[in-house]
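The values are calculated or read from the model by the stated rules, or taken from the named source; none is laboratory data. In this text, all values refer to a predicted model and were calculated from it rather than measured experimentally. Here the Cβ positions follow ideal geometry from the backbone for every residue, glycine too, while neighbour counts run over all protein chains shown.
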């Protein structure tokens, strides 16, 4: 049971975006945080997941998602789009949707997941 879950987002113009989920649970549980993207992500250095962003006709930009690799580990999967409801997604984004899941390495009763998104220079 969740006793407290508070999400904060901070935009630091020309620097980064910080997403923070602070939580307190009645019992210890593994925590999983999900991020979806239509650009194929990959793991970078420890504590980083990279998302190459290249809109049609524009130059490529590389976004870096930074997280605490001592507490969380990422997994990346391509989401299968097979249902009739998925046709709207396919029409807008194509058949390339990826789920990045940040899983806690141990059961947590309280803590904070912090994800920082920045443009990699």
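Within segment 102-121, the set of residues being in contact with a strand residue (DSSP E or B) (Cβ under 7 Å, 6 or more places away or on another chain), within 26 Å of residue 3 (Cβ to Cβ) and in a loop (DSSP other than H, G, I, E, B) comprises 105, 107. Out of all the residues in segment 11-19, is one or more at pLDDT below 95, in contact with a strand residue (DSSP E or B) (Cβ under 8 Å, 6 or more places away or on another chain) and over 17 Å from residue 103 (Cα atoms)? Within segment 11-19 (the criterion being at pLDDT below 95, in contact with a strand residue (DSSP E or B) (Cβ under 8 Å, 6 or more places away or on another chain) and over 17 Å from residue 103 (Cα atoms)), the answer is yes, since at least one residue qualifies. Just so you know, in segment 45-72 the residues that are in a loop (DSSP other than H, G, I, E, B) and modelled with pLDDT under 95 include one that is farthest from residue 117 (Cα to Cα), and it is 57. Restricting the search to segment 80-99, which residues are in contact with a helix residue (DSSP H, G or I) (Cβ under 9 Å, 6 or more places away or on another chain), exposed (fewer than 14 other Cβ atoms within 10 Å of the Cβ) and either in contact (Cβ under 8 Å) with a residue 12 or more places away in the chain or closer than 19 Å to residue 119 by Cα (or both)? Once the filter is applied, which keeps residues that are in contact with a helix residue (DSSP H, G or I) (Cβ under 9 Å, 6 or more places away or on another chain), exposed (fewer than 14 other Cβ atoms within 10 Å of the Cβ) and either in contact (Cβ under 8 Å) with a residue 12 or more places away in the chain or closer than 19 Å to residue 119 by Cα (or both), segment 80-99 yields only 95. Take the conditions (1) loosely packed, with under 10 Cβ neighbours inside 10 Å; (2) in contact (Cβ under 8 Å) with a residue 40 or more places away in the chain; residue 13 misses just one of them, which is (2). Each residue in segment 22-38 was checked for being under 16 Å from the mean Cα position of the chain (by Cα), farther than 10 Å from residue 102 by Cβ and modelled with pLDDT of 95 or more, and 1 pass.
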